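The values are calculated or read from the model by the stated rules, or taken from the named source; none is laboratory data. Since we're looking at a predicted model, the values are computed, not measured. Positions of Cβ are generated from backbone atoms using ideal geometry, with glycine treated the same way; all protein chains shown enter the neighbour counts. Surface accessibility is based on the protein's heavy atoms, side chains included, excluding ligands, DNA and RNA. Shrake-Rupley method; radii C 1.70, N 1.55, O 1.52, S 1.80 Å.
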Amino acid sequence: MRHRAKGELRTRSGCQKCRERRVKCPEERPICGHCRRLGFTCRYETKLNWQDVVLLESHDNTQQRLPEDLIVSIQSWMFLNTAQADFDPDGLSDGSENTLNRHSAQAVDLDLEYQRDMPVPYPHYVSPFHLGEAESYLWSYFDQHMTPQIVIDPGFNPYRHIVLKMATCFQEGPLFQCVLAAASNQLQSIGHGEYEPAVWLHRAKALRLLRMQIAQLASDETGGESDRTCKDQIIASTIMLTFFEISKDCSNSWTVHSDFARTFLSSRLKDVNNMSAEQEALLYFAVTYFVSHDILAATGGTLAEAAEMVDEMCRSTDNSTIFGITGCSKDLLILISEITQISLLIRQSSNRQLSATIQQRRDDVERHLHQLRQDIPGEFGSFKSEFTMVAEVKRLTTILYLYSRIDDAGPHEPHMIRITSQILTLLPKISLRTHTGLWPLFMVATLGVRPECDEDRKFLLSRITELYETRQLANVNKARLIVEDVWKLRDLRPRDSQGWSILQGRKHGAISLA
């Protein structure tokens, strides 16, 4: 018999989602507090698990032909509003006009060529959508292989519970194409070069459809619920396009999407009181996604954040959403942003001596960092130990950032050595399953490790390399290149105890560290 893990709470009368996530349900009706805050669909009825029966009875040889991972994907994203015909592989191409993509003749021809030429790892499949085989595999790959690696707690996964849910509801919108582009890019990056045509095909479709929706919204051709739906598509699609650009090559193009999103979300926040629970969950997810990218990118020396707007957006966001996505509290993100803003004020001042006002702000940040308690939200109880470890590493890294950026303290300073040692002690305990540890790894490698500490360098470089090998993300590779450049510079001038300024003027462009 399986024993319940520590912190795992069982409930027999709670909603379906809380029972799946193994957390205690508040049991409010019709929507419990957890589902309302996190944007989940709240149901109290019994879950009907009839997919296995259909698969085994209707196609007795299907399970032998399908790999296990695809069988799992069918069970996890199947919907109950499907008919028996949807399970028949021979009946998927019915020639109906209600197909997934309605594009120009040129795009359709390209689609057909892409579907013919694309090698499909799983030629036999079962799908509730009328998709081509390649598109079905891309969808399943994103759902089953990519989304679990993006979040700490699988029970809180906005990519699966918000993005994919919206993409299935609006299959002709840009978001659906963004998902396929992201999956194609991931497959190409891990060595499947045959997916390169799919990468650019789906990205081009996504950009074209997104421009159409933005133009439609600007011309006031929509109204009411359709207007809100259009805005939601724009928000979610911008998230996924930024996700794509960071994963692809982490060029400065991701900051273009981020700049647009920052302005769009700022106006969208004014309507939060008129939103449904699902729309509010999407909004908080989007704000957290872009705010965390802006704040952490500014610490890398390659991007200056839009301070007032970012801080205001961060304060308006639900702390549980921020914790679930970043692994740290809203207060810590605000303190990181405050350090960056103090540094910019110092840079603008001609006097190197800190004014009394700036000194007070700096001291307040340091005091808050040492006193900060990052209480883990109750809904993450099953992963409390992992969240606690990530949050503490990021708090210590923020202290390192404060000393290095504002005080220009180099790695040989005694307090820098102490903080670096504490971070290095905790880093091996951070799972590389997700990329939430990239920022601490980057900051301690560039600002905290001394040139003579070869073992520490070897450890950090191996962790960054292992992190890169999990998904081959371009921003992780760029982080590694910057780390190596900084180490070379410190080796050439070992006695020059340079602080954060060593990151300025890097030739690599804007880097995402979120």
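Brief remarks follow.
- The reciprocal of the average 1/r between distinct C-alpha atoms defines the Kirkwood hydrodynamic radius, which for the stretch 150-219 equals 13.2 Å.
- Two-site label geometry, THR470 and GLU27: point separation in nm, points 7 Å out along Cα→Cβ: 3.7
- Solvent-accessible area, 1.4 Å probe, carbon plus sulfur percent, for the stretch 169-298: 52
- Subset of LYS165/LYS231; LYS429/LYS507; LYS165/LYS205; LYS394/LYS478 violating a 27 Å alpha-carbon distance limit: LYS429/LYS507
- P(r) histogram, all alpha-carbon pairs of the stretch 224-379 included - 5 Å bins from 0, percent: 1, 8, 17, 18, 19, 14, 11, 7, 3, 1, 0, 0
- Each principal axis of the Cα atoms in the stretch 164-205 has its own extent, and those three values, largest first, are 31, 18, 9 angstrom.
- Here's the picture: a label point sits 7 Å out from the Cα of ILE417 along the beta-carbon direction, and within the stretch 424-466 the residues with their amide nitrogen under 19 Å of it are 424-426, 444-458.
- Here the alpha carbons of the stretch 373-412 define both size measures, Rg and Dmax, at 13.8, 41 Å.
- Note that the stretch 474-514 presents 45 Å² accessible area per residue, ligands and nucleic acids not counted, probe 1.4 Å.
- Counting only Cα atoms, the stretch 329-429 measures 51, 29, 18 Å along its principal axes, largest extent leading.
- Accessible surface, the stretch 375-469, averaged per residue in Å² (probe 1.4 Å): 36
- In this structure the stretch 188-254 gives 41 Å² per residue of accessible area when probed at 1.4 Å with all protein chains present.
- Rg ratio for the stretch 140-263: its Cα radius of gyration over 2.2 N^0.38 Å, N being its residue count, equals 1.05.
- Cα-based radius of gyration for the stretch 366-514, normalised by 2.2 N^0.38 Å, reads 1.04.
- Take 395-403, 274-282, 425-433, 291-299 and order them by the average number of nearby Cβ atoms within 10 Å per residue, most first; the result is 291-299, 395-403, 274-282, 425-433.
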